[in-house]
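The values are calculated or read from the model by the stated rules, or taken from the named source; none is laboratory data. Keep in mind the model is a prediction, meaning the values are calculated, not measured. Cβ atoms come from the backbone with ideal geometry, glycine included; neighbour counts cover every protein chain shown. Surface accessibility is based on the protein's heavy atoms, side chains included, excluding ligands, DNA and RNA. Shrake-Rupley method; radii C 1.70, N 1.55, O 1.52, S 1.80 Å.
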Amino acid sequence: MSHLFCIFAAKIRLEEVMNELITAVNDVIWSYVLIAALVGCGFWFTWRTRFVQFRMVGEMIRLLTESAVDTVGQQVQEKDVKGRKRHISSFQAFAVSVATRVGTGNLAGVATAIAIGGPGAVFWMWLIALVGSSTAFVESTLAQLYKQKHKDSFIGGPAYYIQKGLKQRWMAVLFAILITCQFGLSNNSIQANTICGAMHEAFGWSPVWVGAVLAVMALFIVFGGIQRIAHVSSVLVPVMAVGYVILAVVVIVMNIHLIPHVFKVIVLDAFGFSQVAGGGIGAAMMNGIKRGLFSNEAGEGSAPNVAATATTSHPVKQGLIQALGVFTDTLLVCSCTAFIILISGLYSVPELNGIALTQSALQSEVGAAGPVFVAIAIFLFAFSSIIGNYYYGEANIRFITPNTTVMTLYRISSAGLMVIFGAVASFELVWNIVDFFMAFLTACNLVAIVLLGRYAFRLLDDYRQQKRSGIKEPVFHRSKLPEIENDLECWE
């Protein structure tokens, strides 16, 4: 008995040491480097694209209904002779990317940001979404530009545009490793940790058994490839997002008289005029931007991996689609969670954090059904994120090596082992690990898109010019960029 106690105590102490070390590193990186880089790049891309995220919202929405379109502007045959999916449409690519964005970051991440940074963190989440959507446009446009043919669809992402555009294989491999560690591995542990926490809070279910069931379900789907992932995401994402937003709107309408006060608290707390909770303006800014980036992924280099899979006639189309994804995630879904928490007033309770805070806030507004609804919602949100995150790793493992054994081991690790690890690990440890990899991953991608951004600007100018001339479906040919024509595999 004493032997088991010693092992348990050693495990607890090891977790504490790891948490302290990773937290110290994260604080330095996020406080002095990444926040300035993210905001600076967001403003730069917003200016150079002439505020594309605001001026072309109507075009973004129109593109969601577009079927798969080839490089001459014609709809393609989406199924082969056996009835199997051959191409990924713009909406399916949007759904997969939103599936990874709309997850624990929207429910648990927002709650964590408010609990640690105060209500002002919400303001900084909004800011990073507004300026970061232009960053999302640039990175996803570049992913489409440099995409490559792969079996029944396409493949691409930052690793591909780093290698083709910057001619730096080592940097491309570094990015591929970082995104695999971030999304395919550590990010999936967060999703599992949050699902298990919500299920335990609502139903008292054991995290070990919930994690085991999640792993089996995820393994079944990921072995089906991007077509199965796209199909599942295109069904789950609209259902879960609409359901959660409807519930939030009901709560807001029930408390409409408190909304002016909520906005006042957010703005005053954001600039340190009224620190209701958290550690001041620095804590509000850092936690708001960190959790905002975790949620909407603008500039992180993740969404471009799925943006590259879409069959479309012009790279700009997927850039616009992914910019809309940032708005959908942060300005809509994250704001829903923030309003529910701030209306409840429970954000200042020290014992509440993460998904437990969101569940308690909803329970205070709609009764005992609140925690149960959140548990079901977070299951759908986070499970779709698990399978979407897995694909990001798969695309980058394929970039590093075609070895099927490596891919099989990755699938088992991503959808199996890391899901189980997240189920049993502590809340603090899984979030600290994700923040660590997210910082380095984002820095690597920002360097690349700043250096290659000029091509995205030229593509946007070409797209706008074609639209102004009356062309309904702009078409891009690689001959329009003669200096890099030989580096582009598609766009014949």
Quick one: count up the residues across the stretch 110-168 that are open to solvent by less than 10 Å² (accessible area, probe 1.4 Å), over 16 Å from the mean Cα position of the chain (by Cα) and of a type in the set (Asp, Glu). 0
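Given the residues Val235, Val251, Val276, which is the only one that is part of a loop (DSSP other than H, G, I, E, B) and either more than 28 Å from Phe45 (Cα to Cα) or at pLDDT below 85 (or both)? If you could, list the steps in order and put the result at the bottom.
Working: Val235 fails: part of a loop (DSSP other than H, G, I, E, B); Val251 fails: part of a loop (DSSP other than H, G, I, E, B).
Answer to the check: Val276.
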One residue is enough: does the stretch 328-337 have a residue meeting the conditions of a type in the set (D, E, K, R), more than 23 Å from Val250 (Cα to Cα), within 18 Å of the chain's Cα centre (by Cα) and in a helix (DSSP H, G or I)? no
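Can you tell me which residue in the stretch 40-61 is modelled with the highest pLDDT, limited to those that are open to solvent by 30 Å² or more (accessible area, probe 1.4 Å), assigned to a helix (DSSP H, G or I) and not aromatic (Phe, Trp, Tyr)? Please lay out each step first, then the result.
Residues of the stretch 40-61 open to solvent by 30 Å² or more (accessible area, probe 1.4 Å): 40, 43-44, 47-48, 50-51, 54-55, 57-58, 61.
Restricting the remaining residues to those that are assigned to a helix (DSSP H, G or I) gives 40, 43-44, 47-48, 54-55, 57-58, 61.
Still in the running and not aromatic (Phe, Trp, Tyr): 40, 48, 55, 57-58, 61.
Values: Gly40: 88, Arg48: 95, Arg55: 90, Val57: 88, Gly58: 88, Ile61: 86.
The selected residue is Arg48.
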Mind checking which residues of the stretch 438-470 are over 25 Å from Glu483 (Cα atoms) and crowded, with 21+ Cβ neighbours inside 10 Å? Met438, Ala439, Leu441, Thr442
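Residues that are closer than 15 Å to Ile449 by Cα and among the aromatic types (Phe, Trp, Tyr): which helices (runs of 4 or more DSSP H) entirely in the stretch 109-164 hold 1 or more of them?
Numbers: elements: 110-117, 120-145, 158-161.
Hits in the stretch 109-164: 120-145, 158-161.
Just checking, does the stretch 384-393 include any residue being open to solvent by less than 50 Å² (accessible area, probe 1.4 Å), assigned to a helix (DSSP H, G or I) and in contact with an Asp or Glu (Cβ under 8 Å, 6 or more places away or on another chain)?
In the first step, residues of the stretch 384-393 are kept if they are open to solvent by less than 50 Å² (accessible area, probe 1.4 Å); the result is 384-393.
Checking which are assigned to a helix (DSSP H, G or I) leaves us with 384-393.
This time we only want the ones that are in contact with an Asp or Glu (Cβ under 8 Å, 6 or more places away or on another chain), so: none.
Within the stretch 384-393, not a single residue is open to solvent by less than 50 Å² (accessible area, probe 1.4 Å), assigned to a helix (DSSP H, G or I) and in contact with an Asp or Glu (Cβ under 8 Å, 6 or more places away or on another chain).
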Is it true that Gly370 is more than 19 Å from the chain's Cα centre (by Cα), part of a helix (DSSP H, G or I) and at pLDDT 80 or above? no
Condition (residue is at pLDDT 70 or above and over 24 Å from Ala176 (Cβ atoms)) applied to the stretch 295-307: is it met by at least one residue? no
Output yes when any residue across the stretch 126-134 is touching a residue at least 40 places away in the same chain (Cβ under 8 Å) and among the β-branched types (Val, Ile, Thr), and no when none is. yes
(1) more than 24 Å from Ile128 (Cα to Cα); (2) open to solvent by less than 40 Å² (accessible area, probe 1.4 Å) all hold for Ala323 apart from (1)
Please go through (1) at pLDDT 85 or above; (2) aliphatic (A, V, I, L, M); (3) surrounded by 23 or more Cβ atoms within 10 Å (Cβ to Cβ) for Ile420 and return the number of the only condition it doesn't satisfy. (3)
State whether the residues of the stretch 179-187 include one that is within 22 Å of the chain's Cα centre (by Cα) and among the hydroxyl-bearing types (Ser, Thr, Tyr). yes
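Kindly evaluate Met407 against the criterion of being assigned to a helix (DSSP H, G or I) and in contact with a Lys or Arg (Cβ under 8 Å, 6 or more places away or on another chain). Give the derivation first.
Numbers: assigned to a helix (DSSP H, G or I): yes; in contact with a Lys or Arg (Cβ under 8 Å, 6 or more places away or on another chain): yes.
For Met407, the condition - assigned to a helix (DSSP H, G or I) and in contact with a Lys or Arg (Cβ under 8 Å, 6 or more places away or on another chain) - is met.
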Filtered residues of the stretch 471-488 (kept if surrounded by fewer than 16 Cβ atoms within 10 Å (Cβ to Cβ) and either touching a residue at least 40 places away in the same chain (Cβ under 8 Å) or outside any helix (DSSP H, G or I) (or both)): Ile471, Lys472, His477, Ile484, Asp487
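Yes or no, residue by residue, for (1) farther than 30 Å from Ala248 by Cα; (2) not small (Gly, Ala, Ser):
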{"site": "Phe373", "(1), (2)": "no, yes"}
{"site": "Ser384", "(1), (2)": "no, no"}
{"site": "Phe399", "(1), (2)": "yes, yes"}
{"site": "Val406", "(1), (2)": "yes, yes"}
{"site": "Phe427", "(1), (2)": "no, yes"}
{"site": "Val430", "(1), (2)": "no, yes"}
{"site": "Val434", "(1), (2)": "no, yes"}
{"site": "Asn445", "(1), (2)": "yes, yes"}
{"site": "Arg464", "(1), (2)": "yes, yes"}
Among the residues of the stretch 180-192, is there at least one that is crowded, with 23+ Cβ neighbours inside 10 Å, at pLDDT 85 or above and not in a helix (DSSP H, G or I)? no
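Residues checked against (1) under 22 Å from Ala115 (Cβ atoms); (2) surrounded by fewer than 23 Cβ atoms within 10 Å (Cβ to Cβ); (3) without any contact (Cβ under 8 Å) to a residue 24 or more places away in the chain:
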position	(1), (2), (3)
Gln318	no, no, no
Ser335	yes, yes, no
Gly345	yes, yes, yes
Gln359	yes, no, no
Ile376	no, yes, yes
Ala382	yes, no, no
Asn403	no, yes, yes
